[in-house]
Amino acid sequence: MPLVAHTNLPTFQRLREEGEEIIDANRANHQEIREIHIGLLNMMPDAALEATERQFFRLVGACNQIAQFHVHLFTIDGLTRSPQTQAHIDKYYESFEKIKTDGLDGLIISGANVTGAFLPDEDFWQPLTEVFSWAKENVTSILCSCLATHAVIEYCYGIARTRLPEKRWGVFSHTLVDKKHPLVVEMNTRFDVPHSRFNAIFQEDMEKAGLRVLSTSHDAGVHLAVSPDGFRIVFFQGHPEYDDISLLKEYKREIKRFFNDDIRTYPPYPENYFNAQVKAILSKYQQAVCQAKAAQSEFPDFPEAQILDFIDNTWRDTAKSVFNNWLGKIYQITHQERRLPFMDGIDPNNPLNL
């Protein structure tokens, strides 16, 4: 499903340079191919905002070639932004009012950083719930990522997330619980997914609320679940959209936080992510960081160039498969008009006839 560059968003050019298929709006307008319009509510902090654009755009664009995909970026109030990031948003993002007027076939809601223990106390809570309430009535399916999953489950089902004893951070093996669900059909029954979070919603709590759990990990818990109807809301607790180096960059940020006394202890390695060679490089680097900190000298250069060849992506194919199934089902059950989320005869309480 080729992505349509319907704006001058720099992400489109970055993806072209990576070899992704991007078509311009003029070419798209002259092709007799169904358009699918997907919203991306990007709530990620400034440092990850544009990377999140690229990550989700790649997954949408990697699906089979049965439609042209227009991805509509927007965000909400209640998120602190630098002047530079706000200028990017003002130039390339759409308003929620325009999104509501034009309509969407599907919606992706990204994760976000939080400032406190209780999600309803966050400044973005009310704007987020307004977007979700509209989408639940007007969009065929909503895909929630990490923090968005926790927020929507608390809003819809009253289940508050639980603080974990330590950060759940790394790449974890998962298995399918429901191998016949259309979202995971033809997928590997065992696969990896990155996680990066301090909180969790547990399988037993999800199932008590009627959610359908599709994949779990012995070490990381639930990754993939869906609302009781099987499709209207899709929940990710992990980050299948992550690039191969996303955890590496996060690890570097955590080291800087230690160096700047924002955290007390040197960060542990993300689990199941670095091999022995990388750990040897990073062990020497830790010594350099600690020495520089003690001497109050400059932060040592991070040895990223020495590490990149040893970083593997073991989750991308599975992520593509889930997105392909999700977007394919949206294509099958939506009306040609994106303001009408269901074709005649589709039961919104059971859109997949499960």
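Each reported figure results from applying straightforward, stated rules to the coordinates on display, with no laboratory input. Everything numeric in this text was worked out from a predicted model, so none of it was measured. Methodologically, a virtual Cβ is constructed for each residue, glycine included, from the backbone with ideal geometry; neighbour enumeration extends over all protein chains shown.
When you restrict to C-alpha pairs under 8 Å that are six or more residues apart and normalise by the size of the chain, the relative contact order lands at 17 percent. Here the sum of -39500 (n - 2.57) over DSSP H runs of 4 or more residues, divided by the residues of the chain, equals -11500 deg cm²/dmol at 222 nm, to the nearest 500. Dipole check for the chain: with +1 at the C-beta of Lys and Arg, -1 at the C-beta of Asp and Glu, and the Cα centre as origin, the magnitude is about 520 Debye. The residue list Leu327, Gln306, Leu49 was ranked by how far each Cα lies along the charge dipole of the chain toward its positive end, using unit charges on Cβ atoms, and Gln306 comes out on top. If you run the Gaussian network model on the chain, springs between alpha carbon atoms under 10 Å, then out of Val193, Val184, Val289 the most flexible one is Val289. Given R0 = 22 Å, the distance between the Cβ atoms of Gln332 and Glu21 translates into a calculated FRET efficiency of 0.50.
Loop-only GluC sites (Glu not before Pro) in the stretch 250-354, please: DSSP not H, G, I, E or B, and at most 15 other Cβ atoms within 10 Å.
Sparse-neighbourhood loop GluC sites (Glu not before Pro): Glu298, Glu337.
Computed from the C-beta positions of Gln84 and Asn353, the FRET efficiency with R₀ = 56 Å rounds to 0.70. Here the stretch 273-354 is assigned +1 on the Cβ of each Lys and Arg and -1 on the Cβ of each Asp and Glu. Its dipole about the Cα centre then comes out at about 120 debye. With a threshold of 21 Å on the Cα-Cα distance, the over-threshold entries among Lys167/Lys279; Lys91/Lys252; Lys167/Lys249; Lys249/Lys279; Lys136/Lys320 are Lys91/Lys252; Lys136/Lys320. The distance from the alpha carbon centre of the stretch 227-306 to that of the stretch 140-157 is 26 Å, rounded to a whole number. A dipole drawn for the stretch 65-135 from +1 and -1 charges on Cβ atoms has a positive end, and of Ile89, Phe124, Leu107 the residue lying farthest that way is Ile89. Taking 0.36 nm per residue of separation and subtracting the Cα-Cα distance, full extension of the segment from Arg339 to Val185 would add 52.6 nm.
With both residues required to sit in the chain, DSSP beta bridges show an antiparallel share near 45%. At a Förster distance of 25 Å, what's the computed FRET efficiency of Ile281 paired with Lys256, Cβ-Cβ distance as r, to 0.05? So, using R0 = 25 Å, E works out to roughly 0.90.
Potential lengthening of the chain between Asn138 and Asp312 amounts to 58.7 nm, from the contour at 0.36 nm per residue minus the alpha-carbon distance. A protection proxy built from the mean count of other Cβ atoms within 10 Å ranks the segments 203-211, 339-347, most packed first, as 203-211, 339-347. Descending by average beta-carbon neighbour count within 10 Å, the peptides 307-318, 134-145 line up as 134-145, 307-318, the highest first.
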